[in-house]
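One structure below.
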Amino acid sequence: MTSRLDVIRVPVLSDNYSWLVHDEESGETMVVDPGEAQPLLDAAAARGWTITQVWNTHWHPDHVGGNAEIVAATGATVTGPEAERAKIGHLDHGVGEGDTIALGTHRAAVLAVPGHTAGHIAFHFAQDRAVFTGDTLFAMGCGRLFEGDAAQMLANMRRFAAMPGETRVYCGHEYTQSNGRFALVAEPDNDAIRARMIAVDAARAAGSATVPTTIALECATNPFLRAADAETLAARRKAKDEFRG
């Protein structure tokens, strides 16, 4: 593949990240999970880009709240989970497991990854070694099980773990520091987690972001991706929900 896929992290709301993605060859630009519109419109304009597509991973308002304003400003088309069509405004193209969608010359496989929401999807650019995971896989964490169960989330984690280690993971929130504090409790003998937290704490103290991450780093330090079975993941998820460290 000759054209470059440029991915820009855009902070929105309190701790969300939306992603501005540009295909150099075609000039197409899309956004993943616009929690609000203006920061993304500004980031695109600053680069001379025009947003042509919006991709949503799930229906939660902090991931779709900017859809209407972006569509009104740019005429962009909106793609998201068909299973959540009734909850996503301005959805033009509903997709699910096995579908493929494109940004210029770059193609992404749609992965069904239920658990956080029943119809949650992820976008995997295999050739570009990139995956947009929404609120399913986080740096050292996973999404809360609002509409699914631990068995579903474990299946998601195993799908992600099977990707090449250099695959970049673009998730929806800056949760790494709190996730890492829990990870230290979940796996107290994991030296990789301790080493990673030194870097994470330094980054956050400097006001820097900690994502994207990589599949290799998550395989070494993420207690949910590393869970041996659904029971272990369920116990860790319940403990994390109650964690105040």
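The values are calculated or read from the model by the stated rules, or taken from the named source; none is laboratory data. Treat the numbers as computed from the prediction; the structure is a model and nothing was measured. Heads up, the Cβs are rebuilt from the backbone with ideal geometry, glycines too, and the neighbour counts pull from every protein chain shown. Calculation scope for accessible area: heavy atoms of the full protein, side chains included, ligands and nucleic acids excluded. Shrake-Rupley method; radii C 1.70, N 1.55, O 1.52, S 1.80 Å.
Some points to look at:
- Unique match (being surrounded by fewer than 21 Cβ atoms within 10 Å (Cβ to Cβ) and in a loop (DSSP other than H, G, I, E, B)) among Asp189, Asp201: Asp189
- Filter result for the condition that a residue is under 21 Å from the mean Cα position of the chain (by Cα) and modelled with pLDDT of 95 or more, over Val71, Val32: Val32
- Qualifying residue in segment 216-228 (condition: out of contact with any helix residue (DSSP H, G or I) (no Cβ under 8 Å at 6 or more places or on another chain), within 22 Å of Pro11 (Cα to Cα) and open to solvent by 60 Å² or more (accessible area, probe 1.4 Å)): no
- Residue list for segment 151-178, restricted to those being touching a residue at least 40 places away in the same chain (Cβ under 8 Å) and either assigned to a strand (DSSP E or B) or open to solvent by less than 10 Å² (accessible area, probe 1.4 Å) (or both): Met153, Asn156, Met157, Phe160, Thr167, Arg168, Val169, Tyr170, Cys171, Gly172, His173
- The set of residues from segment 21-35 being more than 13 Å from Ala76 (Cα to Cα), in a strand (DSSP E or B) and in contact with a helix residue (DSSP H, G or I) (Cβ under 9 Å, 6 or more places away or on another chain) comprises just one member, His22.
- Segment 16-35 - residue that is in contact with a Gly (Cβ under 8 Å, 6 or more places away or on another chain) and of a type in the set (S, T, N, Q) and, of those, surrounded by the fewest Cβ atoms within 10 Å (Cβ to Cβ): Ser26
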